[in-house]
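Note sheet for the following structure.
Values quoted throughout were computed directly from the atomic coordinates according to the rules given, and no laboratory measurement underlies them. Because the structure is a prediction, the values reported are computed rather than measured. Here Cβ is always computed from backbone atoms with ideal geometry, including for glycine, and neighbour counts include all displayed protein chains.
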Amino acid sequence: MIKNEKRGGKKRQARFFFRKRKKLETRIGSKTEDIIEAAALIQKGELVAFPTETVYGLGGNALMKEASKKIYAVKGRPSDNPLIVHLASWDFVKEIAYPTAEAKALYDAFCPGPLTMVLKKLPVVPPETTGGRETVAIRFPSHPVARALIEKSGCPIAAPSANLSKHVSPTSASHVFDDLCGRIPLILDGGPCSVGIESTIVDLTGEIPTVLRPGAITKEMIESVLGRARRFSGEVKEALAPGMKYKHYSPRVPCYLSSAENLENALAFLAKKGVRPVVIAREETLEKLSFENRISLGSSPEEAQNRIYAALRSAEAFDAAVIENLTAEGYLAAMDRIKKATGGLEL
Ligand code: TXA
Ligand code: MG
């Protein structure tokens, strides 16, 4: 009885909050005028979604604490999970962080591109942007629309992926619309993202450069420039990679991992239980399967990275997804996202 009353109270509160939140009209644009309007919104402390080569970002002025607070509110993201700050070029690093020789070497080798570097921050970056940390994650996107937006805004842009917290990252403007319609005024459409998974994050504040999140720039590529690098492994400690402790990239249907050899059995098992699954696998694996509901991850690690998030969103039209366990070394970054989507469930 008491429990029910409590639950009812919570429901009422949630409804009240929802009524209070003003619904915005969300427009999608891709013209130069739209980028100019987006820059004006960023300058005013408003939020705009924009394309990058990795995934779409939800951007706000990184130096305005109110803008960062809005980002957390719009996404429903825990405020101790820091944001990545997007810059136009190396010259701007010294305005927000302490540049290092290693950071410059990685910048020369891979930027603009899908690499984020963690450096010690300057006081100008508010704690609201960095989740209270003394470090800041910086990135130089290569997508021309992202670059134009940063340049026209004239400020560093804090941007997490433009999805609702815990949902799959968006790789097209329509993915962003599906998650954030009514919550932001403008989405810049720059077409599908060419990389398709989030940037590699490398922490340069410790003894050894440490890859906190795998991505298209591999640990080996970083090692080839700096002579040393390691992959973060072991316990997720608060101090290291705050974002890693949260469940990410989850479609709204159960996802299961299965080896290529076991896929047929796994699909039959689900079908027998009255579940209508879809299989997500490499082209060469699909060729050997007779199952009708299928989404291809292509024929290379790059294609798998490029397709995985759209595949996970498409899987939501089914009851469940069975995803191929990709064991070859090159699939490490794609598998990182697949493991987070399945949450360790295996068939
Ligand atoms: O490709 C990308 O990086 C995309 C696009 C929009 O640029 N952005 C993105 O942001 O993936 P988000 O917020 O979804 O992921 C940011 C990750 C989180 O896991 C967070 O914990 C980590 O970066 N991060 C941010 N600042 C950090 C810091 N100072 N130290 C350690 N990790 C940090
Ligand atoms: Mg994200």
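Some points to look at:
- DSSP bridge analysis restricted to the chain gives an antiparallel fraction near 40%, rounded to the nearest 5.
- For the stretch 255-342, the dipole from Cβ point charges (+1 on Lys and Arg, -1 on Asp and Glu) about the Cα centre works out to 400 debye, to the nearest 20.
- Per-residue Cβ neighbour rank within 10 angstrom, fewest leading, Thr218, Thr52, Thr200: Thr218, Thr200, Thr52
- Straight-distance crosslink candidates among aspartates and glutamates, where the alpha carbon sits under 16 Å from Lys104 and sequence neighbours closer than 8 are dropped: Asp91, Glu95, Asp203, Glu223
- When Lys340, Lys22 are sorted by how many other C-beta atoms sit within 10 angstrom of their C-beta, beginning with the fewest, the order is Lys22, Lys340.
- Dipole in debye (nearest 20) - the stretch 146-228, about Cα centre, beta carbon charges: Lys, Arg +1; Asp, Glu -1: 120
- Unsatisfied cross-links (Cα-Cα over 26 Å) in the set Lys219/Lys340; Lys94/Lys339; Lys152/Lys340: Lys94/Lys339; Lys152/Lys340
- Amide H contacts under 5 Å for Arg294: Val279, restricted to partners 5 or more places along the chain or on a different chain, H placed in the peptide plane at 1.01 Å from N.
- Note on Ala271 and Phe291: the model spin-label points, each 7 Å out from Cα along the C-beta direction, lie 0.9 nm apart.
- For Thr26, Thr327, the sequence from fewest to most other C-beta atoms within 10 Å is Thr327, Thr26.
- Each listed q (0.11 Å⁻¹) maps to a log10 I(q)/I(0) for the stretch 255-342, found by the Debye formula over equal Cα scatterers with no solvent: -0.25.
- From helices alone, the chain scores -10500 deg cm²/dmol at 222 nm; the rule is -39500 (n - 2.57) for each run of n ≥ 4 DSSP H residues, then divide by the residue total.
- Here's how it looks for Gly131: its modeled amide H is under 5 Å from those of Leu83, which are all 5 or more places away or on a different chain.
- Along the axis of the charge dipole computed for the chain (Cβ charges of +1 for Lys and Arg, -1 for Asp and Glu, origin at the Cα centre), the listed residues Pro123, Leu347, Ala97 are led at the positive end by Pro123.
- Around the Cα centre of the stretch 2-231, unit charges on the Cβ atoms of Lys, Arg, Asp and Glu (plus for the first two, minus for the last two) sum to a dipole of about 1660 debye.
- Linear extension gain, Ala40 paired with Thr26, 0.36 nm per residue minus alpha-carbon span: 3.4 nm
- The separation of the stretch 265-307 from the stretch 331-346, counted between C-alpha centres, amounts to 15 Å.
- Using θ = phi - 60° in the Karplus curve 6.51 cos²θ - 1.76 cosθ + 1.60, the 3J(HN,Hα) couplings for the stretch 294-300 round to 9, 10, 8, 9, x, 10, 8 Hz; x is entered for Gly and Pro.
- If you model the stretch 36-165 as an ellipsoid using its alpha carbon gyration tensor, with each semi-axis the square root of five times an eigenvalue, the axes come out at 20, 17, 13 Å, biggest first.
- Legend: calculated FRET efficiency, Ala328 to Asp178, from the Cβ-Cβ distance at R0 = 35 Å, rounded to 0.05, equals 0.65.
- Gained length - Ser233 relative to Ala101, 0.36 nm times residue gap less alpha-carbon distance: 45.0 nm
- Å³ per residue enclosed by the Cα convex hull of the chain: 156
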